[in-house]
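Student: I have a structure I would like to understand better, so I am pasting it below and will then ask my questions one at a time.
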Amino acid sequence: MNEYSVNIEVKDGDGKIICSQPYNEFMYGTKNIEIQKVLYGRELYDLLVDSLNVIRYNENGKLILGVILQSDINRTAMQLLGRIAEAIIVRNCNHDAGVNRKYFSIARKKQAKMKTADKFWALGTGLNYTKINYPKIYNPSDTQRDIVWVNDYNELAVMKDGDNYSATSARIAGLQVKASKDGIKYVLPAILADRYDVPIIYFDIENDYHKILNKIYKDTHIDIEYDIIHPSEVDPVGYDEFLHYVDLVYAMIDGRLSPEELVAGAGKNDDELMKNALMSTTLSNINKTNRIII
């Protein structure tokens, strides 16, 4: 009986293997950070620079992650990951009309027609684009709405009571975005306290979304249909992208990875590493090792 194995390998421009990991281990175990950096680092770098504006130069001319580091690494990581999740939602809403309509409907608590949703685009209240183009809407300290929707007349979308626009904060449609490894501890209490006026989009990292739902079902009579939504129900591609960034964010916060290293090849002699990135796999029943070469 022929045997085969599948590895993921990262090679430089000269074909030299930089790192390697069995495919199953990478997909279902602890992922090699070097491989993740090549696969997802550039996209994360672009988000951190363009959307969040948290990568900057220090006095020595070195790129650094410009976030406040708390004593609890997990808190720092979750805050940054929450902002990344916000940026992913906003970007995908503004690039995909179908995703926009779904999130827009959730925010308004009313199923929106495509022609209505198309009149509005998403803004992150803490994102750099909003700061530059919509300074009156920009509010990174907003405790209620991470994402809102605006039309050509700078009118904010409101919740489902009719079509009149309102400046009353409690009526403005929006989303609160949460990311956590422990939603029972950090997300559930806010839901039970009815702390938010708008639905929560919860990016769970440890697959505890359904544990939260079960807890709510057991202990309360809250209508969870509109209170907490999993992003995979709306935009599974965006959720998967978010998960790809988790290890990289932790690596930056704990000092194992610098922002400039997110761009594959940075600090190496071979600056063409990223340009020459190629991923291919051949899963044929042959007596040799198959490789996914990056």
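The values are calculated or read from the model by the stated rules, or taken from the named source; none is laboratory data. All values derive from a computational prediction rather than experimental measurement. Cβ atoms come from the backbone with ideal geometry, glycine included; neighbour counts cover every protein chain shown.
Student: Give the residue, chosen from Ile55, Ile88, that is closer than 21 Å to Glu233 by Cβ and touching a Leu at 6+ places or on another chain (Cβ under 8 Å).
Tutor: Ile88
Student: Restricting attention to region 219-230, and to residues there that are without any contact (Cβ under 8 Å) to a residue 60 or more places away in the chain and in a loop (DSSP other than H, G, I, E, B), which single residue is nearest to Ile84 (Cα to Cα)?
Tutor: For region 219-230, the residue satisfying everything is His230.
Student: If you don't mind, there's one more thing I want to ask. Going through region 197-218 one residue at a time, which ones are at pLDDT below 90 and either part of a loop (DSSP other than H, G, I, E, B) or of a type in the set (S, T, N, Q) (or both)?
Tutor: If the condition is that a residue be at pLDDT below 90 and either part of a loop (DSSP other than H, G, I, E, B) or of a type in the set (S, T, N, Q) (or both), then Asp197, Asn214 are the ones that fit.
Student: Out of everything in region 81-112 that is of a type in the set (Val, Ile, Thr) and under 17 Å from Asp240 (Cα atoms), what residue ends up being farthest from the chain's Cα centre (by Cα)?
Tutor: Ranking the qualifying residues of region 81-112, first place goes to Val99.
Student: Right, here's the next one. Between a first residue in region 1-30 that is closer than 21 Å to Val263 by Cα and a second residue that is assigned to a helix (DSSP H, G or I) and among the polar types (S, T, N, Q), which pairs have beta carbons less than 9 Å apart while being 6 or more apart in sequence or on different chains?
Tutor: Listed pairs, sorted by first residue: Phe26/Gln36.
Student: Restricting to region 35-76, name every residue that is of a type in the set (A, V, I, L, M) and outside any helix (DSSP H, G or I).
Tutor: Of everything in region 35-76, those that are of a type in the set (A, V, I, L, M) and outside any helix (DSSP H, G or I) turn out to be Leu52, Val54, Ile55, Leu63, Ile64, Leu65, Val67, Ile68, Leu69.
Student: With the structure loaded, tell me whether Arg56 is surrounded by fewer than 16 Cβ atoms within 10 Å (Cβ to Cβ), closer than 27 Å to Asp194 by Cβ and free of Cβ contacts under 8 Å to residues at least 12 places away in the same chain or whether it fails that test.
Tutor: So Arg56 fails the test.
Student: Tell me, please, whether a residue that is in contact (Cβ under 8 Å) with a residue 40 or more places away in the chain, touching a Gly at 6+ places or on another chain (Cβ under 9 Å) and not small (Gly, Ala, Ser) can be found in region 126-136.
Tutor: No: zero hits.
Student: State the number of residues belonging to region 85-118 that are basic (Lys, Arg) and at pLDDT 95 or above.
Tutor: 3
Student: Based on what the data block shows, is Ala87 in contact with a Gly (Cβ under 7 Å, 6 or more places away or on another chain), on the phi < 0 side of the Ramachandran plot and not polar (S, T, N, Q)?
Tutor: Considered against the rule, which asks whether it is in contact with a Gly (Cβ under 7 Å, 6 or more places away or on another chain), on the phi < 0 side of the Ramachandran plot and not polar (S, T, N, Q), Ala87 comes out as yes.
Student: Confirm whether Val49 is surrounded by 13 or more Cβ atoms within 10 Å (Cβ to Cβ), without any contact (Cβ under 8 Å) to a residue 40 or more places away in the chain and of a type in the set (Val, Ile, Thr).
Tutor: It is true that Val49 is surrounded by 13 or more Cβ atoms within 10 Å (Cβ to Cβ), without any contact (Cβ under 8 Å) to a residue 40 or more places away in the chain and of a type in the set (Val, Ile, Thr).
Student: Condition first: hydrophobic (A, V, I, L, M, F, W, C), at pLDDT below 85 and under 20 Å from the mean Cα position of the chain (by Cα). Can you find one or more residues in region 69-78 that meet it?
Tutor: Yes.
Student: Another question, then. Only residues that are touching a residue at least 40 places away in the same chain (Cβ under 8 Å), among the aliphatic types (A, V, I, L, M) and more than 13 Å from Ala117 (Cα to Cα): list them for region 137-158, please.
Tutor: Listed by number, the list holds a single entry, Ile147.
Student: To continue, here is another question. Kindly indicate whether Glu34 is touching a Cys at 6+ places or on another chain (Cβ under 9 Å) and among the charged types (D, E, K, R).
Tutor: So Glu34 passes the test.
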